[in-house]
Amino acid sequence: MIPAEIRSDFPVLSEVIYLDSAATSLSPEPVLAAMLEYEHVYRANTGRGVHRLAQVATQKYWDARQRVKRFIGAESGELVFTKNTTEAINMVALGLPWKKGDRVVTTLLEHHSNLLPWMRTRDRHGIDLRIIPPGPDGAFDPADLEREITPGTRLVAVTHASNVLGNLVPVREIAEICRDRGALLLVDGAQSVPHVPVRVEELGCDFLCFSGHKMLGPTGTGILWMRRPEIEPLLLGGGAVEQVTGSGYTLVGGPARYEGGTPNIAGAIGLGRAIGYLEALGMGEVRRHEQALTRQMIEGLTGIDGVTVYGPGATPDRIGVVSFTVQGLHPHDVAHLLDEEADIMVRSGHHCCMPLMTHLGVPDGTVRASLHCYNNADDVEKLIGTVRMIAGGA
Ligand code: PMP
């Protein structure tokens, strides 16, 4: 059970019904307090400072990293703080040594952040980019995956959970194909890590990218986990070097190699605290809570005349991201009306998935309601009731 009292940790919930957590989640008070404590009590740069504030800041930054590692079961490999998922994916695309003809396989389900970096790599390095289309519910034909992930494929980049349709992608099966064919596997965990217990060893991926700001952490935080830290760092400079002479440099090992410049220290500390918060609730509980609300939402919306719900339906094997349209109304108009009529915050439009929208035949996009642990059945009822009213008047 998720205790109802947690809602008071998110003060804006007394003003609005927040159903836009797939874009960014809210941060609870203890996360804000941890960040403020850094500012008030021990603000200093991390790294080589010897004074005591620098030592405390360095230790807390380190602790935050350990916490994230434990959260995704990353006993080995390298875990690097980034500013978001987008930066993490771009670091891999820009950091691998490509050669013409290397094959990269991705899907039409991807967020632009997991599509554009590969398109640019294709345009710059002449890689052979394959984009596999999903079915209308977001699922893939395993034969398509088997066919496209040829022996010699360099990398497969796939989302773990769709930010439009809410379906979970069978990453473990894909990992097996990748292992078999000698391909690296990058998983975009932006929508899965905040909602589903994720262990990198079980997933079998080589890179896992996700955003701290979608899992109760502050904006400006993200993660790149790498099984083997073999990519070129994106940025060189302070903190990333061991030795510099007038003519050259040697880079440090460890995560600092990939974190040149002063990092988002308060952000990382806030993210560490957010993880502590999620762990105290229990990710299994978070998952169950969201599954029940998702079912309620899908069943309620599906029953309304003129409303079309996209994705795999009310299966437990999905996340709490629900896309729908209301006949005769643009998704932006629906989102405006939900705000005006009932203080409900949802997202509308293409959700940074334009090729998917074209593929699904919804060029104007969808309305997307998305959940996190702080939502409750009343939020969902209010959404369903207001959509019914809007659809009735359309
Ligand atoms: N991938 C997916 C599946 C997403 O949902 C998002 C955010 N909507 C991103 C990547 C990009 O995340 P960020 O904006 O934090 O870089």
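The set of residues from region 240-279 being in contact with a strand residue (DSSP E or B) (Cβ under 8 Å, 6 or more places away or on another chain) and of a type in the set (Lys, Arg) comprises just one member, 257.
Scanning region 279-306 for residues that are crowded, with 22+ Cβ neighbours inside 10 Å and either within 14 Å of residue 324 (Cα to Cα) or in the same structural domain as residue 196 (by TED's automatic domain parsing) (or both) yields a total of 4. In region 298-317, the residues that are over 21 Å from residue 288 (Cα atoms) form Cβ pairs under 7 Å with partners that are crowded, with 16+ Cβ neighbours inside 10 Å and aromatic (Phe, Trp, Tyr), at six or more places apart or across chains, as follows: 307/324; 308/324; 309/324; 310/324. Filtering region 351-367 to residues that are open to solvent by 10 Å² or more (accessible area, probe 1.4 Å) and either within 14 Å of the ligand (Cβ to nearest atom) or not in a loop (DSSP other than H, G, I, E, B) (or both) leaves 351, 352, 354, 355, 358, 359, 360. Among the residues that make up region 5-19, is at least one of them over 21 Å from residue 196 (Cα atoms), in contact with a Lys or Arg (Cβ under 8 Å, 6 or more places away or on another chain), away from the ligand (no atom under 16 Å from the Cβ) and assigned to a loop (DSSP other than H, G, I, E, B)? No, the conditions are met nowhere in region 5-19. Residues of region 69-93 that are within 15 Å of the ligand (Cβ to nearest atom) and not in a loop (DSSP other than H, G, I, E, B): 80, 81, 82, 85, 86, 87, 88, 89, 90, 91, 92, 93.
Checked against the criterion of being in contact with a helix residue (DSSP H, G or I) (Cβ under 8 Å, 6 or more places away or on another chain), in a strand (DSSP E or B), under 22 Å from residue 22 (Cβ atoms) and not assigned by TED's automatic domain parsing to the domain that holds residue 356, the candidates 186, 129 yield just one match: 186. Out of 239, 270, one residue alone is open to solvent by 10 Å² or more (accessible area, probe 1.4 Å) and among the small types (Gly, Ala, Ser). It is 239.
The values are calculated or read from the model by the stated rules, or taken from the named source; none is laboratory data. Please read these numbers as outputs of a predicted model, since none were measured by experiment. In this analysis, Cβ positions are derived from the backbone assuming ideal geometry, glycine residues included, and neighbour counts consider all displayed protein chains. Only protein heavy atoms, including side chains, enter the accessible area calculation; ligands, DNA and RNA are left aside. Shrake-Rupley method; radii C 1.70, N 1.55, O 1.52, S 1.80 Å.
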